[in-house]
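Trainee: First the structure, which I've put down as structure tokens, then a few questions once you've had a look.
The values are calculated or read from the model by the stated rules, or taken from the named source; none is laboratory data. What you see is a predicted model, and the numbers here were worked out from it, not measured in a lab. Cβ sites come from the backbone with ideal geometry, for glycine too, and all protein chains shown count toward neighbours.
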Amino acid sequence: MVLGLERYKNKVIKYIPHGLDHKIFKPVNKFDKEYQKLQNSLEKDGKMEFKLLFNSRNIRRKCIPDTILAWKYFLDTLSKEKRSKCQLVLHTTPVDEHGTDLPEVIRFLFPEDDHNIVISPGKFSTEQMSYLYNYADGTILLSSAEGWGLALTESLLTGTPIIANVTGGMQDQMRFEDENGDWINFSYSFPSNHNGTYKKHGEWALPVYPTNKSLVGSPRTPYIWDDRCNPEDAAKQIKALYDMGDKERKRIGKIGRNWVKGDEAGFTAQKMSNKIINGMDELFKKFKPKPKFSFTKDTDIERKVLNHKLIY
């Protein structure tokens, strides 16, 4: 799609998504001493019945203030007693010049108390991160411009459901289905599902469809969709995850883990490596060396064009 149809047909192109070690990111025994150590460090004010996790950098495009605002909207639907048993864990730096001052945002939105919002700024090992995802009942990521969203993959491998903005690679991890029941395949005429063209998705995902889109970029990434979702819509999905209860959350989380480990998704390090090997083998078989030199007229240089629709 990016190269254009004419340049694409003679290329060896494979879709190789991120892969992680599913033997580390996995469901854990809740009686594991290291897990209980993490749990005790987070539940200082008593046992929490519903925990939501954000794990990413404190930068603007990760939309952490929107996440905190969505959390407030969600809490406003609960009684005081139920609110006290809910916890939002922000595994990120509290203050960053590329993001914002999160403690100040929390104080602004919750002037009386922080309603069990915990900022976890420390560096965790891979094993500790697996415990953190296992601790949570769901992982939320509302990034406005996101290439993949690795936190969602980590979460799904541990069997923890996800709430995410429908943009970039995050929508791949929700497994939206087309009219034939297939995992949607993006093309020239359909480069993104951020307009909500398809609504059916994997049970493990609670999508938040953006209500505004803008084209942004940087020198390294000249353009990318900056899709913004409404915190009120995100709050509804948090409430939906809360209402389904622990048993149902575990059921859909297990389905999500099985899918990301399976052949269709293949979001494991082993499957990612095998895809790279197979792709390189095919490339070597089809490889034809270029001539030592060639002549090109300045009038023959290809003009860059946009190889996907902007309106669809």
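Trainee: Of all residues in region 152-172, which are of a type outside the set (D, E, K, R) and closer than 19 Å to residue 226 by Cβ?
Mentor: Result: 152, 164, 165, 166, 167, 168, 169, 170, 171.
Trainee: Among 263, 226, 233, 243, which is surrounded by fewer than 19 Cβ atoms within 10 Å (Cβ to Cβ), farther than 21 Å from residue 181 by Cα and without any contact (Cβ under 8 Å) to a residue 24 or more places away in the chain?
Mentor: Being surrounded by fewer than 19 Cβ atoms within 10 Å (Cβ to Cβ), farther than 21 Å from residue 181 by Cα and without any contact (Cβ under 8 Å) to a residue 24 or more places away in the chain holds for just one of 263, 226, 233, 243, which is 243.
Trainee: Are there strands (runs of 3 or more DSSP E) fully within region 189-250 with at least 2 residues that are farther than 15 Å from residue 163 by Cα and either among the charged types (D, E, K, R) or out of contact with any Pro (no Cβ under 8 Å at 6 or more places or on another chain) (or both)? List them.
Mentor: Details: elements: 205-208, 212-216, 224-228.
Because the criterion is at least 2 residues that are farther than 15 Å from residue 163 by Cα and either among the charged types (D, E, K, R) or out of contact with any Pro (no Cβ under 8 Å at 6 or more places or on another chain) (or both), the strands (runs of 3 or more DSSP E) in region 189-250 that meet it are 212-216, 224-228.
Trainee: For a quick check of your reading: which helices (runs of 4 or more DSSP H) sit entirely within region 30-85 and have at least 3 residues that are within 26 Å of the chain's Cα centre (by Cα) and of a type outside the set (Val, Ile, Thr)?
Mentor: 33-42, 64-75
Trainee: Please go through region 255-312 and pick out each residue that is basic (Lys, Arg), farther than 30 Å from residue 161 by Cα and under 29 Å from the mean Cα position of the chain (by Cα).
Mentor: Of everything in region 255-312, just one residue is basic (Lys, Arg), farther than 30 Å from residue 161 by Cα and under 29 Å from the mean Cα position of the chain (by Cα), namely 309.
Trainee: I've got another one for you. For the condition at pLDDT below 95, more than 19 Å from the chain's Cα centre (by Cα), within 23 Å of residue 264 (Cα to Cα) and assigned to a loop (DSSP other than H, G, I, E, B), what is the one hit in 181, 122?
Mentor: Checking each option against the conditions leaves just 181.
Trainee: Output the qualifying pairs, or none if there are none: Cβ atoms under 7 angstrom, residues six or more apart or on different chains, first residue in region 12-38 and among the hydrophobic types (A, V, I, L, M, F, W, C), second residue in a loop (DSSP other than H, G, I, E, B).
Mentor: 20/267; 25/158
Trainee: Go through (1) of a type outside the set (D, E, K, R); (2) in contact with a Leu (Cβ under 8 Å, 6 or more places away or on another chain); (3) without any contact (Cβ under 8 Å) to a residue 40 or more places away in the chain; (4) surrounded by fewer than 23 Cβ atoms within 10 Å (Cβ to Cβ) for residue 170 and report which single condition fails.
Mentor: (4)
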